[in-house]
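The values are calculated or read from the model by the stated rules, or taken from the named source; none is laboratory data. Bear in mind the structure is a predicted one, so any value in this text is a computation, not a measurement. Virtual Cβ from ideal backbone geometry, glycine too; neighbours counted across all protein chains shown.
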Amino acid sequence: MLPSDVQDTPIVELAAWLATDPGRHALAWEQARLDEAVSDVFGFHAMQAGLAELDALRANRMPFKGYVAGAIPSEAQRARWNAFVVADLEALPFDAQSLDLLVLPHTLECSADPHQVLREAERVLIPEGRLVITGFNPWSLWGAGRMLGRRRPFLPAGVQPLSPARLKDWLKLLSFEVDSGRFGLYVPPCHTDKWLRRYAFMERAGERWWPVCGGLYVVSAVKRTVGMRLIGPPWKKRKAPRRAAVAAAPREVHPGEAHPLRASCAQYDGRPAATRQPPEGA
């Protein structure tokens with residue numbers, strides 16, 4: 001059984017908005033960017049968390065691709081994945097370090113506790129695992145349209161956009177390294193396809209002159225794991241014990257035999273011991 005309040009969640013409101021003219025423009029842009037973001041991510045297990053209207057793993061080639069959300073996807077949507085799970089995204093039902101890729105399409109801004117969702121993402125991803133996030137940019141014309149259009153809100157009321165700067169700060173705290181990102185949809189927040197197409201020229205202008213002011217963003221990050229260090233008392237170098245000197249046994253010198261000490265000293269002036277004259281009185 002599904003929770004009774006599933007139909008009131010922001011993610012459901014967003015799914016309905018994606019069927020509108022601006023929603024279809026947003027969906028097309030995000031699908032293209034997600035295809036680019038996941039196409040070269042390798043591993044065994046990939047998972048999409050929420051928003052079944054997007055096929056976030058379409059371009060990925062991992063052997064297992066799954067879906068997790070608070071509602072059951074449609075029969076047509078289920079065909080995209082090997083399996084799907086109905087669960088709370090703030091408490092993912094997966095083992096620690098079990099996923100190679102996790103995609104969060106608008107998941108954070110539709111959650112009551114987005115930071116907890118990120119903590120769960122960090123827990124289930126393997127070291128060097130990939131996290132891809134999409135969201136609305138509050139510092140854009142689309143974000144301004146959400147705040148100013150009170151009579152006819154442009155974006156769903158339940159969606160709470162998260163700024164890219166704050167998102168990067170949260171990711172950094174959880175040991176994620178952001179290595180790529182894209183902004184898009186610089187057109188004004190128009191409700192009809194006619195006006196959206198009329199302002200299409202602003203896409204190129206926006207990418208050049210105000211690139212961080214796009215209505216949507218895609219952020220890709222890698223989970224970094226710092227190597228462990230053992231902390232303890234410093235090791236003290238032990239001095240090797242000195243070996244006791246061994247006394248050489250006295251050697252008996254027979255008549256006519258050169259003394260070994262004199263033979264070695266005879267080498268000092270370069271003459272052999274046989275030609276060196278012993279000192280007087282020796």
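What the table shows:
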{"item": "Subset of the range 95-121 that is in contact with a Gly (Cβ under 9 Å, 6 or more places away or on another chain) and surrounded by fewer than 22 Cβ atoms within 10 Å (Cβ to Cβ) - its residue that is farthest from Gly43 (Cα to Cα)", "result": "Gln97"}
{"item": "Of all residues making up the range 182-211, the number that are exposed (fewer than 14 other Cβ atoms within 10 Å of the Cβ) and modelled with pLDDT of 90 or more", "result": "0"}
{"item": "Subset tally (residues that are under 21 Å from Leu14 (Cα atoms), out of contact with any Ser or Thr (no Cβ under 7 Å at 6 or more places or on another chain), not in a strand (DSSP E or B) and not hydroxyl-bearing (Ser, Thr, Tyr)) for the range 61-78", "result": "7"}
